[in-house]
Amino acid sequence: MEVPRMHLGSQLRRHTRLGAGLLGVALAAALTTAPTAASPNASPPPDHPVDGRQQQYAAAAAEFGVPVPVLLGVSYLQSRWDVHAGSPSTAAGYGPMHLTDAAHVSTLPTPDDGTPAGALPEDPRGDDSRPALDVEHHDVPPPDQAALQTLDTAARLTGQDESTLRTDPAANIRAGAALLAEHQRELGAPLGADTDPGAWYGAVARYAGADTADAAASFADEVFATVRSGASRVTDDGHRVALAAHPGVEPRTEQLDALGLRDLERPDGLECPVGLSCEWLPAPYELLGDGSDVGNYGNHDLGDRPKQQKIEYIVIHDAEGYFGPTTELAQDPNWVSWHYTLRSSDGHIAQHLKAEDVGWHAGNWFVNAKSIGLEHEGFAAQGTWYTEAMYRTSAELVRYLALRLNIPLDRQHIVGHDNVPGITPDYVAGMHWDPGPYWDWSHYFDLLKAPFESTGTPRTGLVTIDPDFETNRPAFTGCETAGEPCPERGSSSVLLRTEPSHDAPLVNDLGLHPDGGPSTMHISDHGARASAGQTYAIAGRDGEWTAIWYLGHKAWFHNPTDQPTAHWARGFVVVPKPGRDSIPVYGRAYPEPDAYPEGVPVQPIVPLQYTLAAGQRYAAGPELTGEYYRATTYDGSSPGDFTVLRGDKRYVQIQFGHRFAFVDADDVRVVPSGADAPR
C-alpha cells in the first residue's frame with residue numbers, strides 16, 4: 001500500500017582510498033578467526049578473500065578508538081556491509097554505516113509510478129459493494145527527527161564533505177566510527193580499539209537514533225547478538241567482509257539508563273513478540289461527517305478473527321513514506337488502515353489494529369478480510385534498500401503471527417502487496433506494486449527460518465524462483481525519471497520472455513497491456529516478472545532456459561546450471577477438467593448466490609480478463625471455501641453485518657502470474673506436479 005510520497009534517488013558512487021599508513025593499523029584485530037559454524041550467515045566463496053573493505057573497517061576503528069567487532073556489528077545491522085551504489089535507504093541512510101540525510105533526499109526527483117493511463121486507481125478497501133474510498137495522496141516533507149539527519153554530525157566530526165560521505169564507502173565507514181566514538185565520549189565511557197566491546201552497549205544503542213529506551217535496546221541487542229555469533233559475506237560491490245564470533249562478549253546493558261530515553265508503555269494485549277520494541281498507536285473506528293450516516297465511518301472494520309474467520313495471509317507493504325507520518329495516517333479516521341508499521345533505522349514496530357479486526361490495505365476485500373497488513377518504512381519506486389534491522393524485526397513479527405494464527409510460512413501465504421490480485425478487470429492495472437523488486441524475499445525467508453530449498457528434480461514439474469539477490473540485477477528503468485535507468489542493484493525478480501533468448505520480447509500481461517504488447521522494464525511493470533519464493537509449473541526446457549506457465553503464456557527465464565535462478569520443486573498443479581478449452585480466473589473467492597441470506601446483496605463472481613487454457617498447468621496453493629465478510633455499517637445495523645457468509649463453492653489458489661489468483665475447484669483437477677510434466 002502507498003501512503004504519502006517522499007523523494008528518494010541515487011548518487012553515483014565515487015571511490016577514494018585511505019592513506020596507506022592507516023590501512024595497516026589494527027589490521028590484525030580485523031583479520032581474526034573465521035565465524036563459527038553456529039553463525040547464521042553463509043561464508044563467502046573462497047575466490048573472495050578478505051580485502052581492502054575489511055581493512056577500511058580496521059583503519060577507521062583504530063583511528064577513532066572503536067573496537068572492530070562493534071563497528072562491524074553496527075554496520076551489519078544497518079546495511080549488511082553493502083554500499084548500495086551510493087543510493088539512500090528507506091530511512092534516507094547512505095552507505096555501509098547508514099548515515100542519514102533526509103534533507104538531501106527530499107530534494108531528489110519523484111519518479112512517475114508507471115500506472116497505465118486511464119487505470120482505475122486501487123481502492124484500499126477493495127469492496128465494490130461500498131462506495132470507493134476517496135484517499136488523497138499528497139507529498140509531505142520528511143519529519144524533523146534527529147535519526148534522519150546524522151550525516152551532518154558525521155561531516156563535522158570528520159571534516160569530510162557530505163557528498164563524499166554519501167558516496168564513498170571508506171569515508172562512510174570512517175564517519176560511522178566517528179559517530180560511535182562521539183556517542184561513547186558523551187557517555188563518559190572508555191575509548192580505544194582494544195576496549196571491551198561490551199562497554200560500548202550505550203553508544204551502539206544511541207547509534208540508530210531511537211527515541212525510546214526499548215527501541216534503542218532492541219537495536220543494540222541485535223548488534224551484540226551478531227557480534228557473538230559472527231558473520232561473513234560478500235558485499236554488493238564484491239568485497240569479502242568477516243566478523244569473527246565473540247561468544248564471550250557481555251553487553252553492559254546498564255548503560256542504557258544514561259541515554260535518558262523515555263520508557264515506552266507496553267499495554268496488555270499488545271500483539272508483538274516479547275523482546276521486540278513495539279508500541280500501540282491505535283487506528284480509530286468512528287463515524288465521519290455529522291454522524292447521521294452509519295455507512296460513513298473510518299478507518300477499518302471490526303471483526304472476530306480468527307474465531308469467526310481464518311486469517312490466511314500476511315501482506316508485506318512498503319509505506320512510500322517515513323515512519324512518523326505513516327503512523328500518523330494510521331491514526332487518522334479519514335485515512336485507511338493496516339495492522340503494523342515498522343521503522344527502518346532500528347526496526348521499531350507500531351501496532352495499529354488487533355489481529356481480530358480487518359484493515360483497509362490490500363485493495364482486495366477478500367484478502368483484507370483474511371489478512372494482516374505490515375507497512376514498512378520505505379519507497380518501492382526509487383530503487384532504495386531496506387535495513388537489516390527492519391528485515392529482522394519484521395521477520396520475527398511475521399514468524400510470531402504465523403505460528404500464533406497457523407499461517408504457513410511460504411509465498412502462497414506470506415505475500416507482497418504486489419502479489420494481491422485485482423478484484424475485477426477494471427481494477428487490475430491500478431493495483432499497487434509494493435514492496436517492489438528490491439525487497440529481498442530470499443533473505444527474508446532465511447530470517448523466517450523457512451528458506452527456499454530444492455525439493456525436486458526437473459522431472460517433478462515445478463520450479464521455485466530464487467535468484468542470487470546480489471548478482472541478479474535487471475536493468476529496470478524509471479526509479480527517478482521516466483525512461484532513465486535505475487541504479488544497478490540486486491533484485492528478487494527474474495525476467496520472463498516469449499522465447500529462450502535474451503533478445504526475445506518480455507511476455508504480455510493483458511491486465512497491464514490490453515493491446516497485447518510486451519511488458520516493459522519500468523520499475524512498476526511486473527507483467528513479466530517472477531519473484532523469489534514463487535512456485536510455477538514447468539512448461540519446457542531449452543538449454544540454459546526454463547519455461548513456466550504464466551498468465552496464459554509459456555514464459556522463459558534464464559536458468560543456467562552453473563548459476564541457477566530457481567530450485568526444482570514438487571507439489572500439486574491445477575489443470576482444466578477434460579473437455580474444457582479454457583476456464584475463468586478470479587481475483588477473489590466469493591460464495592455462490594444461494595449463500596446470501598435475504599436482505600444481503602449478492603456479491604457478483606466476476607472473472608478477470610485472463611483465462612486458463614487446456615494444456616496449461618499452474619502451481620496449486622490452498623483450497624478455500626468461498627467467503628464474504630459483510631461489514632458495511634458502523635453499528636452493524638445493515639442485514640448480515642459483522643458476519644461471514646459461506647457457501648458450498650470451493651476455490652483453489654494458484655500462482656498465475658506475478659500475482660496469485662483463484663479458480664473454481666469444479667473447473668479443475670488438482671494432480672501431482674510430476675504427472676504428465678514436460679521432460
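Here's the list of lysines a cross-link from K370 could span, going by alpha-carbon distance under 19 Å and ignoring same-chain residues fewer than 8 apart: K307, K310, K354, K649. On the principal axes of its alpha-carbon atoms, the stretch 55-199 has extents of 66, 29, 26 Å, going from largest to smallest. Within the chain, the longest run free of GluC sites (Glu not before Pro) that sit in a DSSP loop with at most 12 other Cβ atoms within 10 Å is 266-452.
Checking the a/c ratio against 1.5 first, then a/b against b/c, what shape does the Cα gyration tensor give for the stretch 341-490? The shape class here is rounded. Extension gain for the segment K449 to N334, taken as residue separation times 0.36 nm less the Cα-Cα distance, is 37.6 nm to one decimal. Considering only alpha-carbon pairs that sit under 8 angstrom and 6 or more positions apart, the relative contact order computed for the chain is 14 percent. Panel note: the C-alpha atoms of the stretch 282-356, placed on their principal axes, show extents of 43, 30, 16 Å (largest first).
Candidates L448, W385, S345 compared by Cα position along the dipole of the stretch 333-462: farthest toward the positive end lies L448, with charges placed on Cβ. Reported value for the stretch 78-161: 158 Å³ per residue, from the convex hull of its C-alpha atoms.
Here r is the Cβ-Cβ distance between A103 and E484 and R0 is 25 Å; the resulting FRET efficiency, rounded to 0.05, is 0.60. Once the Cβ-Cβ distance between R473 and L264 is put in as r, and R0 is 41 Å, what FRET efficiency do you end up with, to the nearest 0.05? The computed FRET efficiency comes out at 0.55. Summarising the amide proton neighbourhood of G192: residues at separation of 5 or more, or on other chains, whose placed amide H is nearer than 5 Å comprise V66. Separation of the stretch 561-585 from the stretch 94-124 is 35 Å, based on Cα centroids.
Using only helices, what value at 222 nm comes out for the chain when you add -39,500 (n - 2.57) per DSSP H run of length 4 or more and divide by the total residues, to the nearest 500 deg cm²/dmol?
Computed mean residue ellipticity for the chain: -5500 deg cm²/dmol.
Residues in the stretch 257-316 average 49 Å² of solvent-accessible surface per residue, probe 1.4 Å, ligands and nucleic acids excluded.
Straight-line reach from K449: taking Cα to Cα under 14 Å and skipping same-chain neighbours fewer than 8 places apart, the aspartates and glutamates in range are E396, D410. For K577 and D211, the difference between the fully extended length at 0.36 nm per residue and the C-alpha to C-alpha distance is 125.9 nm. Summary value for the stretch 543-587: 23 percent relative contact order, contacts being C-alpha pairs under 8 angstrom separated by 6+ residues. Rounded if a/c is under 1.5, else prolate if a/b is larger than b/c, else oblate: which is the stretch 358-434, with a ≥ b ≥ c the root eigenvalues of its Cα gyration tensor? Verdict is oblate for the stretch 358-434. Here is the result for the stretch 458-532: no trypsin sites (Lys or Arg not before Pro) lie in DSSP coil with at most 12 other C-beta atoms within 10 angstrom of their C-beta.
Roughly how far apart, in whole Å, are the Cα centres of the stretch 179-249 and the stretch 519-537? A separation of 37 Å, based on Cα centres.
Modelled label positions at V606 and Q308, each set 7 Å beyond Cα in the direction of Cβ, lie 2.5 nm from each other.
Computed from backbone phi with θ = phi - 60° and the Karplus coefficients 6.51, -1.76 and 1.60, the 3J(HN,Hα) list for the stretch 356-371 is 5, 9, 9, x, 10, 9, 9, x, 8, 4, 4, 6, 4, 5, 10, 9 Hz; x is used for glycine and proline.
The values are calculated or read from the model by the stated rules, or taken from the named source; none is laboratory data. Treat the numbers as computed from the prediction; the structure is a model and nothing was measured. Glycine also receives a Cβ, built like all others from the backbone with ideal geometry; neighbour counts cover every protein chain displayed. Areas reflect the complete protein model, heavy atoms only, side chains present, ligands, DNA and RNA absent. Shrake-Rupley method; radii C 1.70, N 1.55, O 1.52, S 1.80 Å.
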